[in-house]
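Heads up: the structure comes next, in structure tokens.
The values are calculated or read from the model by the stated rules, or taken from the named source; none is laboratory data. These numbers were taken from a predicted model, which means no experiment stands behind them. We place every Cβ from the backbone using ideal geometry, glycine too, and count neighbours over all the protein chains shown. For the accessible areas, the whole protein counts, side chains as well, though only heavy atoms, and no ligand, DNA or RNA atoms are used. Shrake-Rupley method; radii C 1.70, N 1.55, O 1.52, S 1.80 Å.
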Amino acid sequence: EVQLVESGGGLVQAGGSLRLSCAASGFFFDDYAIGWFRQAPGKEREGVSGISRNDGRTFYADSVKGRFTISTDNAKNTVYLQMNSLKPEDTAVYYCVVEEGTYGSAWLARPPPSGSWGQGTQVTVSS
């Protein structure tokens, strides 16, 4: 049973920073992508950032490139999303997701149809 537990969300002023964490357990895949999607009220989920375990490549949505950084701590089975220069439009519930397979940047183009999802953590950016 895949378990993904997000933490680190909260309320921050525009221009501030947060670091999200995703503690992963309960799965073993030869190849997979893991990362973050987000969903604001009334909007569809959109890809934010991911990393391919096959080759370690990272990928980012254009809207967050240069501001967000994804990283992993394999010893702790944890994925992080460092978010800097936050904007009000970053306000959303952020979900950690893992999907078996080999993927590139296109993984962010749609919610992974066969992915496993965490419960999400709320990020609110005020003006």
14 Å beta-carbon shell around Gly66, net charge (K/R +1, D/E -1): +1
Nitroxide proxy distance, nm - points 7 Å out along Cα→Cβ at Ser71 and Thr124: 2.9
Residue-wise HN-Hα coupling along the stretch 63-78, computed from phi with Karplus coefficients 6.51, -1.76, 1.60 (Hz; x: Gly, Pro): 5, 10, 4, x, 10, 10, 9, 9, 8, 9, 10, 5, 4, 9, 6, 10
Set of aspartates and glutamates with alpha-carbon distance to Lys76 below 15 Å, sequence-local pairs under 8 removed: Glu6
About the Cα centre, charge dipole magnitude for the chain (Lys/Arg +1, Asp/Glu -1 at Cβ), debye: 400
Shape category assigned to the stretch 66-127 from the gyration tensor of Cα positions, a/c cut at 1.5: prolate
Efficiency of FRET from Cβ geometry, Ser25 and Thr102, R₀ 22 Å, rounded to 0.05: 0.50
Rounded percent of accessible protein surface that carbon and sulfur make up, the chain, 1.4 Å probe: 45
Simple label model, 7 Å out from Cα along Cβ direction - Arg110 to Glu89, nm: 2.5
Glu89 accessible area, 1.4 Å probe, all protein chains in place, Å² to nearest 10: 130
Simple Cβ-charge dipole of the stretch 55-108, Lys/Arg +1 and Asp/Glu -1, about Cα centre, in debye nearest 20: 200
Relative packing of peptides 7-15, 29-37 - highest average C-beta neighbours within 10 Å first: 29-37, 7-15
Over the stretch 3-91, relative contact order from alpha-carbon pairs under 8 Å, at least 6 apart, %: 32
Cβ crowding within 10 Å averaged over residues, with 47-55, 63-71 ranked highest first: 47-55, 63-71
Dipole-positive endmost among Gly56, Pro111, Val125 within the chain (Cβ charges, Cα centre): Val125
Rounded to the nearest 10 Å², the accessible area of Thr72 at probe 1.4 Å: 50
